[in-house]
């Protein structure tokens, strides 16, 4: 049985912020259509939150990110969505299950499939000591040169840096209105570095439960030698500890690779695929110490095969993948 959840009091705490009630409300405020359901089967009740996308020609799909569902629940959801005339649904699980009896295809994850997690159950000195020597040096250099970090919410300062960063790295980002709305959330923080009143870098982070997530980062083209993004990250780590977080999620890193292989680059404790677009990001983040966390491959579960073929054709005509999360270095 599946029922829609309409009241916040009926929504249980989830392990990932993308399934939180507050994040769903944020998405609604940006114009997304958000639905929340509870599926009850023989063993458990499981809830999921997703974003509905409607397209021309009667195409409709549901995107459900970072959720834990059983095989039995997925089958129930499949039947429900077929009755609701969905073309397919896109699913990013946090648990591994078999998809043998479902018509599905693996696709690229919208959320980072691989991310870098720093355990915060140490003193600041211990955290610094366990970083790569160059990372620690850059943090200290930034401090010595007079770079300071302030916690403030200022979309204009962030957006100016964001335009520099996207142009410099040839990437896309969410639009300004989306990030402005995000900054309105109580559990979202912006940390910005300055040198002599000039803005050098800015980062946007979100706290959910015991984890601080690094969502967006941008930096100036000026004074790159002052290593402001390194200080920015260390100040985030300090903030996370102040907020009693146990983990800091750097939100995205290049996929792992076998150490010393021809396809690998390595830094500190991590080896990754050097040809990946996040290779530079991987080196930056790995220097802060931490460990890899990987999620299952995303899937699209097909409910209307003909319409799904039509959708796939339309997607090839208009590739609109948003990248640029956490690219601050």
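The values are calculated or read from the model by the stated rules, or taken from the named source; none is laboratory data. Bear in mind that the values here come from a model prediction, so they are computed numbers and not experimental data. Using ideal geometry, Cβ is built from the backbone for each residue, glycine included, and neighbour counts are taken over all protein chains shown.
Going by the conditions given, is residue 7 within 30 Å of residue 293 (Cα to Cα) and over 22 Å from the mean Cα position of the chain (by Cα)? Taking the combined requirement at face value, the residue does not satisfy it. Of everything in the stretch 185-211 that's free of Cβ contacts under 8 Å to residues at least 40 places away in the same chain and touching a helix residue (DSSP H, G or I) at 6+ places or on another chain (Cβ under 9 Å), which residue is nearest to residue 242 (Cα to Cα)? Among residues in the stretch 185-211 that are free of Cβ contacts under 8 Å to residues at least 40 places away in the same chain and touching a helix residue (DSSP H, G or I) at 6+ places or on another chain (Cβ under 9 Å), the one nearest to residue 242 (Cα to Cα) is 207. In the set 259, 285, 297, only one residue is modelled with pLDDT under 95 and touching a strand residue (DSSP E or B) at 6+ places or on another chain (Cβ under 9 Å); that residue is 259. Given the conditions (1) touching a helix residue (DSSP H, G or I) at 6+ places or on another chain (Cβ under 8 Å); (2) surrounded by 21 or more Cβ atoms within 10 Å (Cβ to Cβ), which single one is not true for residue 165? Only one criterion is unmet by residue 165, namely (1).
Under the condition of being more than 15 Å from the chain's Cα centre (by Cα), loosely packed, with under 15 Cβ neighbours inside 10 Å and in a strand (DSSP E or B), the residues counted in the stretch 267-298 number 1. Against the conditions (1) within 27 Å of residue 166 (Cβ to Cβ); (2) at pLDDT below 95, residue 269 satisfies every one except (1). Of the strands (runs of 3 or more DSSP E) lying entirely inside the stretch 63-144, the ones with 2 or more residues being more than 23 Å from residue 278 (Cβ to Cβ) and touching a strand residue (DSSP E or B) at 6+ places or on another chain (Cβ under 8 Å) are found at 88-93, 104-107. When 60, 45, 79 are checked against the criterion of being modelled with pLDDT of 95 or more, assigned by TED's automatic domain parsing to the domain that holds residue 100 and surrounded by fewer than 16 Cβ atoms within 10 Å (Cβ to Cβ), 79 stands alone in meeting it.
Taken together, the residues in the stretch 155-173 that are closer than 20 Å to residue 27 by Cα and either over 21 Å from the mean Cα position of the chain (by Cα) or at pLDDT below 95 (or both) amount to 2.
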